[in-house]
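Enquirer: Can you keep this structure in mind? I'll have questions shortly.
The values are calculated or read from the model by the stated rules, or taken from the named source; none is laboratory data. Bear in mind the structure is a predicted one, so any value in this text is a computation, not a measurement. Please note: Cβ atoms are built from the backbone with ideal geometry, for glycine as well, and neighbour counts cover all protein chains shown. With ligands, DNA and RNA removed, areas are computed over all heavy atoms of the protein, side chains included. Shrake-Rupley method; radii C 1.70, N 1.55, O 1.52, S 1.80 Å.
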Amino acid sequence: MKIYTRQGDRGETHLLGRTRVSKLDIRIVACGTIDELNASLGMAAALGLPERVASQITAIQSELFQIGAWIASRVDSNSDETPVSIPRLSSQAVERLEVEIDQMEQALPTLRHFILPGGHAAAAALQVSRAVCRRAEIKLLELRQLFDDDQFQVVGPWINRLGDWLFVAARCVNHEQGISEPIWKG
């Protein structure tokens, strides 16, 4: 099977199911941002993360795939298409991120200054992921204005917590590597 179909050459693509939409559709833009976040996490992992952080990233990447599939399954209210059923993220995923943040923070010195992204290459990559995560959060908020779905009550807090998780994970990498965090001197 060929990877290319030529179906998207005119700026359109399919959502899950048969709905064809513009590649500028907020669902496609949101899925693309979630995909970018997932790829940036893969890059961070490839740069050498502590095992605990690396294994947690694998779970996060799976959840990002789940969120992307959920977004791609949203159909317009005026569509006669039945939405594809996708497993939903649970509130336990939010709670797990909070527990992991708390555990990572226990091993870190108290933050007394604003820090700049940088230090170890993997920490810097996690900070890039954090920035992409914040953009994904904005895209999800835009999507929420168009689609009424109670899954936003889980996905919204999850993506917000993920940004915090990525910040703390980047600090952990620098700490475990013995690299001082770059401090903002404004």
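Enquirer: Looking at 169, 125, 121 in this structure, which one is among the hydrophobic types (A, V, I, L, M, F, W, C), over 10 Å from the mean Cα position of the chain (by Cα), within 20 Å of residue 57 (Cβ to Cβ) and open to solvent by 40 Å² or more (accessible area, probe 1.4 Å)?
Expert: Numbers: 169 fails: open to solvent by 40 Å² or more (accessible area, probe 1.4 Å); 125 fails: open to solvent by 40 Å² or more (accessible area, probe 1.4 Å).
121 is the lone residue from the list that is among the hydrophobic types (A, V, I, L, M, F, W, C), over 10 Å from the mean Cα position of the chain (by Cα), within 20 Å of residue 57 (Cβ to Cβ) and open to solvent by 40 Å² or more (accessible area, probe 1.4 Å).
Residue-wise test of (1) within 30 Å of residue 148 (Cα to Cα); (2) part of a helix (DSSP H, G or I).
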{"site": "89", "(1), (2)": "yes, no"}
{"site": "92", "(1), (2)": "yes, yes"}
{"site": "95", "(1), (2)": "yes, yes"}
{"site": "98", "(1), (2)": "yes, yes"}
{"site": "111", "(1), (2)": "no, no"}
{"site": "118", "(1), (2)": "no, no"}
{"site": "132", "(1), (2)": "yes, yes"}
{"site": "135", "(1), (2)": "yes, yes"}
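Enquirer: While we're here: Mind telling me which of the residues 45, 72, 39 ends up being under 23 Å from residue 21 (Cα atoms) and either at pLDDT 95 or above or surrounded by 13 or more Cβ atoms within 10 Å (Cβ to Cβ) (or both)? Spell out how you get there, then give the answer.
Expert: Working: 45 fails: under 23 Å from residue 21 (Cα atoms); 39 fails: under 23 Å from residue 21 (Cα atoms).
None of the others qualify; the one that does is 72.
Enquirer: Further question: Considering only residues of segment 137-152 that are over 16 Å from the mean Cα position of the chain (by Cα) and not charged (D, E, K, R), which is most open to solvent (accessible area, probe 1.4 Å)?
Expert: 145
Enquirer: Step by step: first the residues of segment 4-28, then only those that are of a type in the set (Lys, Arg) and open to solvent by 40 Å² or more (accessible area, probe 1.4 Å), then the one that is modelled with the lowest pLDDT. Which residue is that? So that I can check it myself, show each step before the final result.
Expert: First pass over segment 4-28, keeping only residues of a type in the set (Lys, Arg): 6, 10, 18, 20, 23, 27.
Add one more test, that the residue is open to solvent by 40 Å² or more (accessible area, probe 1.4 Å), and what stays is 6, 10, 18, 20, 23.
Values: 6: 79, 10: 80, 18: 71, 20: 80, 23: 81.
Across segment 4-28, the extreme among qualifying residues is 18.
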